[in-house]
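Step one of this worksheet: look at the structure below.
The values are calculated or read from the model by the stated rules, or taken from the named source; none is laboratory data. Because the structure is a prediction, the values reported are computed rather than measured. Cβ sites come from the backbone with ideal geometry, for glycine too, and all protein chains shown count toward neighbours. Surface areas here come from the heavy atoms of the whole protein model, side chains and all, with no ligands, DNA or RNA. Shrake-Rupley method; radii C 1.70, N 1.55, O 1.52, S 1.80 Å.
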Amino acid sequence: MTDATRTSTYTHADLPGLMGLMTGDEKHGPAATSTLDVVWVLYDRVLRVSPEGRDAPGRDRFLLSKGHGPMAYYAVLAAKGFVPVEWLPGFGSYDSPLGHHPDRTLVPGAEIGSGSLGHGLPIAVGTALGLRAQGLDEPRVWTLVGDAELDEGSNHEAIAFAGPAGLDRLHTVVVDNSSARYARPGGIAARFEAAGWSALTVDGRDHEALYTAFTAPHPGRPHVVVARVEPKSA
Amino acid sequence: MDTMRDRFAPVVSRLLDEDPRVAVVLAAIGTDGFAGATRRHPDRVVDVGIREQLLIGAAAGLALTGLRPVVHTFASFLVERPFEQVKLDLGHQEAGAVLVSAAASFDWPAGGYTHMAPGDVALLDTLDGWTVHVPGHPDEAETLLRHAVAAGDDKVYVRLSVQANGQALPVDGERFRTVREGRSGVVVAVGPMLDAVLAATEGLDVTVLYATTVRPFDGAALRRATEAGGTDVVLVEPYLAGTSTAAANDALSDVPHRLLGLGVGRRELRRYGRLEEHVAAHGLDARSLRERIAGFLGAAVRV
């Protein structure tokens, strides 16, 4: 098990190497890395959650809804000490807790198991409702979805409900790599805004822009950040 | 007599008052009954509108924060429409919930097939770890609802119906109950089927077991009943015929036995009308049941 002193020294520059432990390759396709900067900025600067406090009722929640290509997620969880770096090379093997889609019961710090698209945002809605019902007003709930994943009707149900319900502890980051069928430019933010969300669209590779968007105030409304990255087909 | 569903909102409203863990999640059906509870507990009674995927997903999220969600709508929309959410958001996430359905197999025949769900229990049978209560009387429904909510973080399905027996029996949320004893066969009557089964087996030399909790299936009770009652077994279920034959078969796997599964037919009837007409059309009225049970058990059953 890697000790805490060492895990705390990992930086963003170490992430490609950590991902390489899973794939045997330090070069990764856009599909694997589209979420890397978003997840890093969240875990490095935004989320109030730690390996020691991963079950604390007052922690922030991060629900990875887009469970496809979770190497970036695992690399960040390893860099932040949630899972041992030694687990990474076993990625996808029978004895490894790290699958090609994450399982919350196997991965320390993973709030949900995901892979089938369109489940994270509805569960995040329930999580925000549950925290509010218990008077836990501090924790923030984040979920990461892909732009194509937003096509799932279950997400439309969640978006349409969360705005009018005023779930201001709920946050969604859409990693937009232009992979949705029938996409309309600007349509993602417009769809959320029409449902009463606060929405910002930023460069998904620009850490300062991401941080600023992630921490923008949005009183009384849920908040979405559309993080645009290079197209999947590029 | 009031219906099982008439008991649902009052019982669960009291549980909301008593237990800060309890939350109710609705999808625009059954909201009127919770008007008072919504005023008292605005954050723990949630109506997500006509959004059944969100209904289950949100319930899972509530459970992951430590609450005990009670989720209600018609069986078709509760189990069938959001089935992947039931499988993944509850099962795969290891999040518990109490799903409480109404409309059963064909409680509203005039409403047609869109509001019928004879396959709900069979569908849940493809998943692991569900407790399934099928009360046969409003009093039993009340008891089983309380059991369901109190069952820690278990995944529990409570199937409410307007079909009911005339008298309630004591139910414990676990075991089958012996209602009648005989030597030439064992008939398991599930929930609202008991009155018809008792009428159908009047004067026959059979043991009648009453099942209101069908999952886990009380195989030990069936096994014990067959020791005196013989290993010819008839299951009479108010949902898809044969739903519990695999469970009964497992209970008797090491003894020679015969099994007949009676219930709602698979073929879509495409008829409206009244409940009794559908009961008869599926051969679940007392006269049809007597014919089929006696026919299966043979001459020895007649005393």
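Of the numbered criteria (1) free of Cβ contacts under 8 Å to residues at least 60 places away in the same chain; (2) facing chain A (nearest Cβ under 8 Å); (3) not polar (S, T, N, Q), the one residue B:63 fails is (1).
So for the range B:76-91 (the condition being of a type outside the set (Lys, Arg), modelled with pLDDT of 95 or more and within 12 Å of the chain's Cα centre (by Cα)), does at least one residue qualify? The answer is no; no qualifying residue exists. Restricting the range A:207-225 to residues that are touching a residue at least 60 places away in the same chain (Cβ under 8 Å) and in contact with an Asp or Glu (Cβ under 8 Å, 6 or more places away or on another chain), the residue that is farthest from residue A:150 (Cα to Cα) is A:207. For the range B:145-160, the criterion of a residue being at pLDDT 95 or above, closer than 21 Å to residue B:2 by Cα, open to solvent by 10 Å² or more (accessible area, probe 1.4 Å) and among the β-branched types (Val, Ile, Thr) is satisfied by no position. Checked against the criterion of being open to solvent by 10 Å² or more (accessible area, probe 1.4 Å), free of Cβ contacts under 8 Å to residues at least 40 places away in the same chain and either touching a helix residue (DSSP H, G or I) at 6+ places or on another chain (Cβ under 8 Å) or of a type in the set (Lys, Arg) (or both), the candidates A:195, A:189 yield just one match: A:195.
Taking the listed residues B:21, B:68, B:14, the one that is more than 21 Å from the chain's Cα centre (by Cα) and more than 10 Å from chain A (Cβ to nearest Cβ) is B:14, with no other qualifying. Put simply, of A:70, A:108 the only residue that is surrounded by fewer than 24 Cβ atoms within 10 Å (Cβ to Cβ), more than 8 Å from chain B (Cβ to nearest Cβ) and of a type outside the set (Phe, Trp, Tyr) is A:108. The residue pairs whose first member lies in the range A:155-166 and is within 7 Å of chain B (Cβ to nearest Cβ), whose second member is surrounded by 19 or more Cβ atoms within 10 Å (Cβ to Cβ) and in a loop (DSSP other than H, G, I, E, B), and whose beta carbons are closer than 7 Å, counting only pairs six or more residues apart or on different chains, are A:157/B:51; A:161/B:48; A:161/B:51.
Could you please find all residues in the range B:265-303 being open to solvent by 50 Å² or more (accessible area, probe 1.4 Å) and outside any helix (DSSP H, G or I)? Selection gives B:266, B:267, B:268, B:270, B:271, B:272, B:274, B:302, B:303. Among the residues of the range B:219-235, those identified as in a strand (DSSP E or B) and crowded, with 24+ Cβ neighbours inside 10 Å are B:233, B:234, B:235.
Selection of the range A:132-147 for residues being more than 9 Å from chain B (Cβ to nearest Cβ) and open to solvent by 40 Å² or more (accessible area, probe 1.4 Å) yields A:137, A:138, A:140. Here is a check on your reading of the model: is residue A:151 open to solvent by 10 Å² or more (accessible area, probe 1.4 Å), more than 8 Å from chain B (Cβ to nearest Cβ) and more than 26 Å from residue A:220 (Cβ to Cβ)? The answer is yes for residue A:151. Take the range B:45-54 and flag every residue that is within 19 Å of residue A:166 (Cβ to Cβ) and more than 8 Å from chain A (Cβ to nearest Cβ). If the condition is that a residue be within 19 Å of residue A:166 (Cβ to Cβ) and more than 8 Å from chain A (Cβ to nearest Cβ), then B:45, B:47 are the ones that fit. Taking the listed residues B:47, B:32, B:43, the one that is surrounded by fewer than 21 Cβ atoms within 10 Å (Cβ to Cβ), in contact with a Phe, Trp or Tyr (Cβ under 9 Å, 6 or more places away or on another chain) and charged (D, E, K, R) is B:47, with no other qualifying. Among the residues making up the range A:111-131, a single one is more than 7 Å from every other protein chain (Cβ to nearest Cβ), assigned to a loop (DSSP other than H, G, I, E, B) and hydrophobic (A, V, I, L, M, F, W, C): A:117.
Of all residues in the range A:157-186, those satisfying the criterion of being open to solvent by less than 50 Å² (accessible area, probe 1.4 Å) and under 19 Å from residue A:228 (Cβ atoms) are A:159, A:171, A:172, A:173, A:174, A:175, A:176, A:177, A:179, A:180.
Considering (1) part of a helix (DSSP H, G or I); (2) away from chain A (no Cβ under 14 Å), the lone condition that residue B:98 does not fulfil carries the number (1). Taking first residues from the range A:2-26 that are of a type in the set (Phe, Trp, Tyr) and partners that are open to solvent by less than 60 Å² (accessible area, probe 1.4 Å) and modelled with pLDDT of 70 or more, the Cβ contacts under 6 Å between residues at least 6 apart in sequence or on separate chains come to A:10/A:79.
Scanning the range B:167-175 for any residue that is under 28 Å from residue B:258 (Cα atoms) and surrounded by 23 or more Cβ atoms within 10 Å (Cβ to Cβ) turns up at least one such residue.
Name the single residue that is least open to solvent (accessible area, probe 1.4 Å) among those in the range B:252-264 being among the aliphatic types (A, V, I, L, M) and farther than 18 Å from residue B:238 by Cα.
Top of the filtered list is B:252.
Restricting the first member to the range B:243-255 and to residues that are under 11 Å from residue B:226 (Cβ atoms) and in the same structural domain as residue B:190 (by TED's automatic domain parsing), and the second to residues that are polar (S, T, N, Q) and open to solvent by less than 40 Å² (accessible area, probe 1.4 Å), the beta-carbon pairs closer than 7 Å and six or more apart or on different chains are B:252/B:226.
Against the test of being open to solvent by 40 Å² or more (accessible area, probe 1.4 Å) and at pLDDT 95 or above, the options B:238, B:216 yield a single qualifying residue, B:216. Filtering the range A:36-50 to residues that are touching a helix residue (DSSP H, G or I) at 6+ places or on another chain (Cβ under 8 Å) and not aliphatic (A, V, I, L, M) leaves A:37, A:40, A:43, A:44, A:45. Condition first: among the charged types (D, E, K, R), over 12 Å from residue B:213 (Cβ atoms) and within 16 Å of the chain's Cα centre (by Cα). Now tell me which residues in the range B:155-194 satisfy that. The one that is among the charged types (D, E, K, R), over 12 Å from residue B:213 (Cβ atoms) and within 16 Å of the chain's Cα centre (by Cα): B:155.
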